[in-house]
Amino acid sequence: MSNSVNPTPVEETPGYDPSAIEQKWQESWKEAKTNVTDVANAPDPFYALMMFPYPSAEGLHVGNLFAFVGNDIYGRFQRLQGHNVFEPLGYDAFGIHSENYALKVGKHPMDLIPQNIANFRRQLERAGLMVDWTHSLSTTDPDYYRWTQWVFLQLLKQGLAYKKQAAVNWCPSCKTVLANEQVIGGACERCDTPVEQRFLSQWFFRISDYSARLLSNLDKLDWSETTKTAQRNWIGRSEGAELTFAVAGKSNESIRVFTTRPDTVFGATYLVMAPEHPLVPALTNSLYKSAVDQYLTRSAKQDVVARKSNTEKTGVFTGAHAINPATGKNIPIWISDYVLMEYGTGAIMAVPGHDERDFEFAQVFGLPIVRVVVGEGEDPSTQLTEAFTENERGIIVNSGEFDGTTVATAKRDIVTMLEQKGAGKPVVNYRLHDWCISRQRYWGPPIPIIYCDDHGAVPVPEKDLPVVLPYVDDFKPDDSGISPLARHEDWYRVPCPECGKMSRRETDVSDTFLDSAWYFLRYPSVGIDEVAFDAAITKKWLPVDSYIGGNEHAVLHLLYSRFITMVLSDMGIIDFEEPFTRFRAHGLIIRNGAKMSKSKGNVVIPDHYIEKWGADAFRTYLMFLGPFEEGGDFRDASISGVKRFLDRLWASVAVACDSATPDRPADEDVMRKLHQTIQKVGDDIPKLSYNTAVAAMMEYMNALRRGERTPSRAEVEPLVQLVSPFAPHIAEELWEKMGKTGSVFDARWPSYDPGLIAADKIDLVVQINGKTRGKLSVARDIGQDDAVVAALAEDSMAKFLSGEPKKIIFVPGRLL
RNA sequence: GCGGAAGUGGCGGAAUUGGUAGACGCGCUGGACUUAGGAUCCAGUGGAGAAAUCCGUGGGGGUUCGAGUCCCCCCUUUCGCACCA
């Protein structure tokens, strides 16, 4: 293939050679520091952030690139609007994934990660991203995790980090504790091994203290609705009441339950406690002790999967009774594992008539079922064959003075009644649990705590950070539940910062999600050693203007980032409490209709495609294959269409700029189309509707070449700018060819003339009896009467009318 | 089970507030130029029909002059969450 840059006539141009010009411009950008942002002095900052990748050994995945290119286009577009765009990119390189891979290939992650990062960097640069590499970071760099440890200390200072002995999810395969969020359907999210219960002392963050704010702030954010919904569901707000049931015969004991249906309290015929409930031993009647103990042992041993997949309800009677505060009757207290200690109070009032689970349990153990809600006009005495869970329109029955009221009013009134008795209060409950950040692993930032016999858990003084993760060879976790670092006495034996007495470091490392929960704060301040993030620079750049990332992080990563930001905001360290003003999730790329996977061998390796088609064509194709927020189907054959488009662009500019062809005045229709295209592309990019933007440019290209006409300069020049966010290299090259000085990205986005867009003549669609029968080319501002006359004059339309039209509907400029 | 999203040609996908369904691209058909064509260019391309015309957006109802779009009932796919009281 020729790599000639000389313009050649359209008919004979086989296409342009991307490899030469892409390399040329990548070098040029580097040299001219085109993509380096002056973070300290930028007058009009715009922070275009994308989620940083985990630098896997396999290299950059096409899904990563899809996301990065999507962000890059947005960033480049903002730059063309005149903003100083900051587009950083780093690496999320700590964590189980890297560590497991290192174990698998028998290498040390500290050696492996730099190689992977170098490879990623090479691939990313080849893709022509507008990334400011002077502000890159890796979470594994001590200069970074020093500040991750600092963040931990800030939370500790605020009383938001605490240690507790807790039942935790233990993955026997990864040999580590998992956060609740990392357990998918009772199995480890990484290796699918069923999770077991273990008790370990762990560090937690009090994210649940922030539930209400994390929820209510969502309303103010410009995020995709699906992401907000996912967050709302995760936070899981439920409005209800906490009711107190006195224990019969033990006036000093009572059981608190949470319910969303206080209106059904008259139908509570028994109580159920979780097996782990602290009151279980005290309440168990000695006659029932052995049965209870047996049940407790069984459920403690049973792993989570088995417990959750129990098809039939199990349980055991404690022998004790509680007093229903509404009815005053004694009701039995049971224990069952269908009640979860983690949610609510770990105990429930069971209303078998109106809760499916309670109904099932009552059936198994023959407990009484009392009906307290009926549907409209229903007879309360009819036998229930299943729980009646109608909430909204139900009518209360068998509930004394509340009979006949609706569920909605009874919810309120019954709580008020119980509140007067001191037996209840309205409560809002959240599903969100505190965030366990301890990991009994090697590949993470050590938690900066020193345990002293005299002073307890002492934070490492900030001046002593970072607590450097030592290079150790035996980093493989074992079954002990203790971090690999605990095998290295020379590392963990340190003097207490308070008294100097020999003490022991915390040997757990922190969760990877902590690394990524604040990295966006660090980027602009990369290179500053004294603080995690510089106050003035942070004020200038944050919150992030645009954040793009995968849906798989729509819940946890975003929630944790919001939490950390809120905490820092409450401390007065930053002056905003939401980190990401705008967030959009990109879609997933599949391959020929199927998911990409290594086992299927259908993984798209970006390098091959970039080599064959060029980064510009590859980028543009990725954006063209489907809506950015939905992803799409990657089909090799379709790339040629995009390459053809770029070839035609190349050729069109070549002839338009050819000094041999005299410059022609621009064609009126083509110019109208051009301005329409400028408008369309400019509207589509902010909406991330990249596929239609590309289609619009192709359409314009077709108009430009229609009838073998020779395009003029004025017709092609703005198109080069429109294409530039998608295909930056060819745009720079053509910009230069057109005699422009400086980067095309330092020019301004072309503007359109609204007057030019509106044509004088329009096609008026004529429908008769709702069916389209033709169209009329008429003046834009034609009136109804003239339009009707014109339509009737056309035989092809008039023939569908049997007589005079009965009713005429006229939409000006559009339809008759 | 709960919650979200989506069903449009051979394929990927377009369609402001209801107003020419199928933009754009792939593929396919024919033609031009060619020693050649998996290059390039031109024309065509939802289905049926010789044509007029009719039928077409998962299925069935409905609202409307007019429905891919709005309402009701189904079916399918897919992604989250899942004994959350």
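FYI, it's all coordinate maths here, none of it is from the lab. Predicted model only: the values in this text are computed from it and were never measured. In this analysis, Cβ positions are derived from the backbone assuming ideal geometry, glycine residues included, and neighbour counts consider all displayed protein chains.
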Query raised in the report: With θ set to phi - 60° and the Karplus curve 6.51 cos²θ - 1.76 cosθ + 1.60, what are the ³J(HN,Hα) couplings of segment A:680-693 in order, to the nearest whole Hz, using x for Gly and Pro?
Result: 4, 5, x, 7, 6, 4, x, 7, 6, 8, 5, 4, 6, 5
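For A:Tyr343, A:Tyr210, what's the fewest-to-most ordering of other Cβ within 10 Å of each Cβ?
A:Tyr343, A:Tyr210
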Report task. Beta carbons within 10 angstrom, averaged per residue: use that to sort the peptides A:652-658, A:700-706, highest first. Result -> A:652-658, A:700-706
Requested in this report: Enter the Cα centre distance for the pair segment A:312-369 and segment A:83-126, rounded to the nearest angstrom.
Outcome: 52 Å
Report summary line: A:Asp753 and A:Ser238 label points (each 7 Å along its Cα→Cβ direction) are spaced in nm at 6.5 nm
Query raised in the report: What share of Cα pairs, in percent, lie more than 14 angstrom apart in segment A:543-603?
Result: 66 percent
Query - Amide hydrogen neighbours beyond the local backbone of A:Asn84, cut-off 5 Å, H modeled - result: A:Asp44, A:Phe46
Requested in this report: Can you grab the distance from the C-alpha centre of segment A:399-455 to the C-alpha centre of segment A:54-74, Å, no decimals?
Outcome: 40 Å
Query - Reach of A:Lys425 by Cα under 15 Å, taken over aspartates and glutamates that are not fewer than 8 positions away in the same chain - result: A:Glu239, A:Glu242, A:Asp263, A:Asp413
Query - Cβ crowding within 10 Å averaged over residues, with A:281-292, A:363-374 ranked highest first - result: A:363-374, A:281-292
Report task. Can you list which of the GluC sites (Glu not before Pro) found in segment A:621-726 are DSSP loop residues with at most 15 other C-beta atoms within 10 Å? Result -> A:Glu630
Query raised in the report: Out of every Cα-Cα pair in segment A:217-370, what percent are more than 19 Å apart?
Result: 57 percent
Requested in this report: Report the normalised scattering of chain A as log10 I(q)/I(0) at q = 0.06, 0.08 Å⁻¹, calculated by the Debye formula with identical scatterers on the alpha carbons.
Outcome: -0.56, -0.88
**Report entry** segment A:90-178 - Rg and Dmax from Cα coordinates, angstrom
**Finding:** 17.0, 50
Report task. Specify the angular offset, from 0 to 90 degrees and rounded to the nearest 10, of the alpha carbon long axis of helix A:615-624 from the longest principal axis of the alpha carbons in chain A. Result -> 60 degrees
Query raised in the report: How are the C-alpha pair distances of segment A:320-447 spread across 5 Å bins, as whole percents from the shortest bin up?
Result: 2, 8, 14, 18, 20, 15, 8, 3, 3, 4, 3, 2, 1
Query raised in the report: With respect to the cross-link table entries A:Lys163/A:Lys250; A:Lys643/A:Lys673; A:Lys24/A:Lys540; A:Lys30/A:Lys104; A:Lys220/A:Lys673, which display a Cα-Cα separation exceeding 29 Å?
Result: A:Lys163/A:Lys250; A:Lys24/A:Lys540; A:Lys30/A:Lys104; A:Lys220/A:Lys673
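Extension gain A:Asn217-A:Tyr451, at 0.36 nm per residue separation less the Cα-Cα distance, in nm?
So the chain would gain 80.5 nm between A:Asn217 and A:Tyr451.
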Report summary line: For chain A, the longest principal axis of the Cα atoms and the Cα long axis of helix A:639-657 enclose an angle in degrees, to the nearest 10, of 40 degrees
**Report entry** All-pairs Cα distance distribution in segment A:188-260, expressed in whole percent, bin size 5 Å
**Finding:** 3, 10, 11, 11, 14, 17, 16, 9, 4, 3, 1, 0
Report summary line: If R0 = 45 Å, then A:Gln784 and A:Gln679, at their Cβ-Cβ distance, give a FRET efficiency to the nearest 0.05 of 0.95
Report summary line: Residue separation between A:Lys24 and A:Thr692 times 0.36 nm, minus their alpha-carbon distance, gives in nm 237.5 nm
Query raised in the report: What does the charge add up to near A:Thr581, with Lys and Arg as +1, Asp and Glu as -1, over the other residues with Cβ less than 15 Å from its Cβ?
Result: +1
Report summary line: Karplus ³J(HN,Hα) for segment A:404-412 (6.51 cos²θ - 1.76 cosθ + 1.60, θ = phi - 60°; Hz, whole; x = Gly/Pro) runs x, 7, 7, 3, 4, 6, 5, 3, 6
**Report entry** Total charge dipole magnitude, chain A, about the Cα centre, Cβ charges on Lys, Arg, Asp, Glu only, Debye to nearest 20
**Finding:** 880 debye
Requested in this report: Lys and Arg at +1, Asp and Glu at -1: add these up for the other residues within a Cβ distance under 9 Å of A:Val131 and post the number.
Outcome: -4
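Nearest 5 percent is fine: what portion of the DSSP beta bridges confined to chain A is antiparallel?
75 percent
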**Report entry** Stokes-Einstein D in µm²/s, Kirkwood radius over Cα pairs - segment A:638-754 at 25 °C with 0.890 mPa s viscosity
**Finding:** 171 µm²/s
Report summary line: Residue span A:Thr226 to A:Val603: 0.36 nm per residue of separation minus Cα-Cα distance leaves a gain in nm of 133.0 nm
Requested in this report: Quick one: which residues, 5 or more positions from A:Ile768 or on another chain, have an amide H under 5 Å from its amide H? H modelled 1.01 Å from N in the peptide plane, none for Pro or chain starts.
Outcome: A:Arg773
Query raised in the report: Can you work out ³J(HN,Hα) from phi for every residue in segment A:747-752, in order, using Karplus 6.51 cos²θ - 1.76 cosθ + 1.60 and θ = phi - 60°, giving whole Hz and x for Gly and Pro?
Result: 8, 9, 4, x, 9, 10
Report task. Quickly estimate the mean residue ellipticity at 222 nm for chain A, helices only: each DSSP H run with n ≥ 4 gives -39500 (n - 2.57), and the total goes over all residues, rounded to 500. Result -> -10500 deg cm²/dmol
Query - Helix A:713-723 vs. chain A, principal-axis angle (Cα, 0 to 90°, nearest 10) - result: 20 degrees
Report summary line: Here FRET efficiency (C-beta to C-beta, A:Glu378 to A:Gln81, R₀ 60 Å, nearest 0.05) is 0.45
Query raised in the report: If each of A:Lys595 and A:Glu386 carries a label point 7 Å out from its Cα toward its Cβ, how far apart are those two points in nm?
Result: 3.1 nm
